[in-house]
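Note sheet for the following structure.
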């Protein structure tokens with residue numbers, strides 16, 4: 001199973017569990033592209049699913065990085081070591 005993290009806005013994130021991680025997915029009329037993963041986090045005090053990160057396809061790499069950093073405090077999967 002893959003934990004798909006959808007970065008929507010700087011304070012809005014949605015997580016879904018998927019069987020695979022395609023390059024593009026449509027959610028609520030928005031196209032999301034795979035920006036990272038799926039990757040297996042290193043072990044912590046629990047076992048983590050593989051993680052894939054998605055963001056709106058129209059974002060530049062710089063916009064994606066800003067969105068990723070804005071959401072790190074509220075999304076544990078974005079702070080794991082891989």
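Being under 15 Å from residue 6 (Cβ atoms) and surrounded by fewer than 15 Cβ atoms within 10 Å (Cβ to Cβ) is the filter here, so list the residues in segment 25-40 that pass it. Scanning segment 25-40 gives 26, 27, 28, 29, 30, 31.
The residues of segment 41-82 that are surrounded by 11 or more Cβ atoms within 10 Å (Cβ to Cβ), assigned to a loop (DSSP other than H, G, I, E, B) and without any contact (Cβ under 8 Å) to a residue 12 or more places away in the chain amount to a single one, 59. Residue 22 meets the conditions (1) surrounded by fewer than 12 Cβ atoms within 10 Å (Cβ to Cβ); (2) part of a loop (DSSP other than H, G, I, E, B) in every case but one. The failed one is (1). Taking the conditions exactly as written (touching a residue at least 12 places away in the same chain (Cβ under 8 Å), in contact with a strand residue (DSSP E or B) (Cβ under 8 Å, 6 or more places away or on another chain) and under 16 Å from residue 79 (Cα atoms)), does residue 7 satisfy them or not? Yes; evaluated as a whole, the condition is true for this residue.
Coordinate-derived values only; no laboratory data. These figures come from a predicted structure and were not determined experimentally. Neighbour counts are summed over all protein chains in view; Cβ atoms, including those assigned to glycine, are modelled from backbone coordinates with ideal geometry.
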